[in-house]
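S.K.: My questions all concern the structure below.
The values are calculated or read from the model by the stated rules, or taken from the named source; none is laboratory data. All values reported here derive from a predicted model rather than from experimental measurement. Backbone-built Cβ (ideal geometry, glycine too); neighbour counts: all protein chains shown. Remember, those area values only see protein heavy atoms, side chains included, never the ligands or the DNA or RNA. Shrake-Rupley method; radii C 1.70, N 1.55, O 1.52, S 1.80 Å.
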Amino acid sequence: LMQAFGYETCGKYRKMFEKMGNPSIFMGPRTDLHFITNEKALTRKMLESRGKAAAMAPGMVVTKENRDSIHDLTFQFPVVVKVPTLEDSKGVTKCLDEQSMMVAVDLALDIGERVVVEKFIRGKELRTGVIEDENGELILLGIFEYDVIKPDSIKDYDLVWEASVGKDSAGREVETYQIILYGPGRTHFVDQSRESKVVENIKDAVFCVFRAMDIEDYAIFDLRMDDVGNVYVLEVNLFSCFGALGNITKLAKSVGLANNLVFDMMAKKALGRIKKPNVQILKNGN
């Protein structure tokens, strides 16, 4: 029984085991969904194909072939341009006009084959998680709000990481990075007992996407909530672990779910997915 987390393990290594016919059973969502959610454009395409485009902010996937059609956007500025294969808020740009948007799109197309252009949603940015129990019931985990992300701003790289200069084992100066987004005063958990309407709107959005994408076990959702309470899914993240710093661990703990309880639940679900071999018992040598 292997717990898989991180892009290499959840994607490449896990796929390698599957191709080899290795009997290892993984906790967490299927390998194909890891590849899809790692590419924001594919996440959007999948939800659109399943009739759930409304769960996301209005937007489109742009390629070099359909670049000129971007001028026909049906939503107004500002917009957000995303390089769909980058992580940790790298390659995300808020654009106030068409000129800056086209510059950002062309830079993004130099990095990858596709780029996502979305309507900017003014409001709060949040993160939450969902787990599926042994009976197939969905459980909403804690919801935290990014206090450092103002209503008119986005979560960019400088809000997530802080660079500093240190020394390696040979005494040479090296640049290091420390994650600062979750430091004191930068986020807080939403009081779900007091903000029932907010919780219901978030639950409706993330449960809808969880089911539409046929996710197993757990998922993390990055969200934007506008000034009137409408919730939009920005990203689905399937990379997590059950260590002390894992997102699932922290979000579950905030609603009273102990880590060992969640881990046991996921392990039992993974074991339940083992396909029983078709074995015939031979008697009397026949």
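S.K.: With respect to the numbered conditions (1) open to solvent by less than 50 Å² (accessible area, probe 1.4 Å); (2) under 20 Å from the mean Cα position of the chain (by Cα); (3) within 24 Å of Val148 (Cα to Cα), which one is the sole condition not fulfilled by Pro78?
M.R.: (2)
S.K.: Considering only residues that are more than 13 Å from Ile202 (Cβ to Cβ), open to solvent by less than 20 Å² (accessible area, probe 1.4 Å) and among the acidic types (Asp, Glu), which ones fall in segment 109-127?
M.R.: Glu118
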